[in-house]
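Since every read-out is calculated from the coordinates, none of them should be taken as a lab result. From a predicted model like this one, the values you see are computed outputs, not experimental measurements. Cβ sites come from the backbone with ideal geometry, for glycine too, and all protein chains shown count toward neighbours.
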Amino acid sequence: MADEKLTQIYIMGKAYDVPVGVTIMDAMEYAGYRFIRGAGCRSGFCGACGTVYRKAGEYRLEFVLACQEMVEEGMHLTQLPFTPAPRSDYVLNELDPRENVLLQHYPEIARCVSCNTCTKACPQEIEVMDYIQAALRGDVAKVAELSFDCIACGLCAMRCPADIKHYHVGQMGRRLHSIANSPMPDHLTERIAQLEGGTFDNEMNALAGASLDDLKTKYAERVIEKAVTEEVTT
Amino acid sequence: MSELTYFPGCSLKDNAKRFEDTAFFVMERLEMPLRELETWNCCGTVYSLTADDLMHHVASVRNFVRTQETGSEELVTLCAMCYNTLSRVAGRINADEEERTKINAFMDREPDYEGTIRVRHVLQVLRDSVGWERLAEGATRPLFGLKVAAYYGCTLVRPRETGIDDMERPTVMADALEAVGAEPVVFPFEAECCGTYQIVDEPHLALEQSERILQSAALAGADVVVTACPLCQHNLEQAAESLAADVEEIRDIKVVYFTELLAAALGADEGSMTPVVRELITSRVTAEGGA
């Protein structure tokens, strides 16, 4: 511990010495913060740890995931783990993707002035403004393509001067694209038939009736991605 | 064959798709095909008149930056409102280096706009680059006998600095249709306002305006009113529908985009036409010129 190289960062304005070369998330835990919210997969996929920081001497704010970005000397940071953005309710199969459904459900996308602040806030480097513009003209295929890597951290919506809820628009666009432009996959049709035909009922009932100890054993002994491991080993 | 860098605008991808489809056909036939900008955003919709409101010009400027990246010096549009917004922003920002610097400083992580993009409407391209003679030569299905009222509305011809023609007595759209055999009628409401966005909150205001335009065209003997703007088209269509039952003189008048008629004249397949255009071609167009 004595030899460990430390660097100073500021978490919500307070100075902490944290190890060099660790992520913001690890640094915050090192400094004594305990995450109840604002941390999830710790692998850059879940979008729970949206974080804002400013480097020493810079005026600009940067937007990252705490689990993916390394700390730097003099960094000022805080987490924005949740975005209180409203999400439109809809039943997907009742929508007609040929109409401009996105604009009907999220009319505020028409307020976009193309400032591109959303794009600059995206830790996934998505062309956020471009997919909002595609949404504006009802091009769900383009919305789906451009927004594919979105992890719904919500930082775009937090920055938008027009109060657009980009990540919800992107999600709805991907769903509309799936019903408008993608065929129903065969394996899904088969699995639905199996479910409805009761193929898995016995297995499910057995699980539901199992004791806690049984469940713990089953969980510990479970096989993860069986098919893939078999393919790899054979 | 020289390609034109084309900015569609949102309406052209949505409710005005036939405006775009027919324009593509026309420009392809005339060997000046429209090539759509790979990435583009809304033009900004309405040109902001506030003197220091540079933020609302950023949308247009971004499209100019993307035009620059294609190597083109010109951006061609179809929608009259997009033309109005884009050309006014270009006029202002190209001429003012200080404002350009401010906008470029705001777009700090994107390439700078160099202030050299020119904006033209397809009608200007037809008049100034294709020419009426070449257009006439391309008319394999001349529109003889069809009486057209060329309706310009506001945004194509105003303000004077960016208007594509005389703001009181424009002729460019009528000239284009005359070149392909149609017979333009003279009517005094050619550059009156259709009522624009009042159709949303105060529909009766917009409909009254549009009704006057239709009646004026019908009294001048027009079979069809042609437009170059998705919003004018929408308002006039609405007015035609609501009036058809009770105003005799406009009962049969149709409203179409000017490109729909040009495409028909330049040999578009009948299957590609809307029922309205097909009917005009079969019932109103005569075999010989005359009149």
Just in segment A:139-234: which chymotrypsin sites (Phe, Trp or Tyr not before Pro) are loop by DSSP and have at most 12 other Cβ atoms within 10 Å? A:F200
Taking trypsin sites (Lys or Arg not before Pro) as candidate sites, keep only those in a DSSP loop with at most 11 other Cβ atoms within 10 Å, then name the longest stretch of chain B containing none of them. B:161-291
For A:K142, give me every one of the lysines with a C-alpha distance below 27 angstrom, ignoring sequence neighbours fewer than eight places off in its own chain. A:K120, A:K165, B:K13, B:K17
Under the classification rounded if a/c is under 1.5, otherwise prolate if a/b is larger than b/c and oblate if not, where does the protein assembly as shown fall, given a ≥ b ≥ c as square roots of the Cα gyration tensor eigenvalues? prolate
Phi angles of segment B:147-159, converted by Karplus (6.51 cos²θ - 1.76 cosθ + 1.60, θ = phi - 60°) into ³J(HN,Hα) in whole Hz with x for Gly and Pro, give 8, 10, 9, 7, 10, 9, x, 9, 7, 6, 10, 10, x
Considering only the other residues whose Cβ falls under 12 Å of the Cβ of B:P275, what net charge follows from Lys and Arg at +1 and Asp and Glu at -1? 0
Among the chymotrypsin sites (Phe, Trp or Tyr not before Pro) within segment A:1-66, which fall in a DSSP loop and have no more than 14 other Cβ atoms within 10 Å of their own Cβ? A:F45, A:Y59
Pop out the ³J(HN,Hα) list for segment A:10-25 in order, Karplus 6.51 cos²θ - 1.76 cosθ + 1.60 with θ = phi - 60°, rounded to Hz; leave Gly and Pro as x. 10, 9, 6, x, 9, 7, 9, 9, 10, x, 6, x, 10, 6, 4, 5
If I take all pairs of Cα atoms in chain B, what percentage of them are more than 31 Å from each other? 28 percent
Could you give the alpha-carbon Rg of segment A:102-234 over 2.2 N^0.38 Å, rounded to two decimals? 1.51
Where in chain A lies the longest segment free of trypsin sites (Lys or Arg not before Pro) that are both loop residues by DSSP (not H, G, I, E, B) and have at most 13 other Cβ atoms within 10 Å? A:99-221
Sum -39500 (n - 2.57) across every DSSP H segment of at least 4 residues in chain A, then divide by the residue count to get the 222 nm mean residue ellipticity, nearest 500. -11000 deg cm²/dmol
Kirkwood Rh over Cα pairs of chain A into Stokes-Einstein at 10 °C, 1.306 mPa s: D in µm²/s? 75 µm²/s
With a Förster radius of 41 Å, plug the Cβ-Cβ distance of A:R60 and A:K216 into 1/(1 + (r/R0)^6) and report the FRET value to the nearest 0.05. 0.25
Can you list the lysines whose alpha carbon is less than 22 Å from that of A:K5, not counting same-chain residues fewer than 8 positions off? A:K14, A:K55
Net charge of neighbours whose Cβ lies under 11 Å from the Cβ of A:D139, counting Lys and Arg as +1 and Asp and Glu as -1: 0
Please give every one of the lysines within straight-line cross-link reach of B:K147, meaning a C-alpha to C-alpha distance under 20 Å, and leave out same-chain neighbours fewer than 8 residues apart. B:K254
Local charge sum around B:T67 (other residues, Cβ-Cβ under 14 Å, Lys/Arg +1, Asp/Glu -1)? -4
Could you work out the mean projected area of the convex hull around the alpha carbons of segment A:6-79, in square nanometres to one decimal? 4.4 nm²
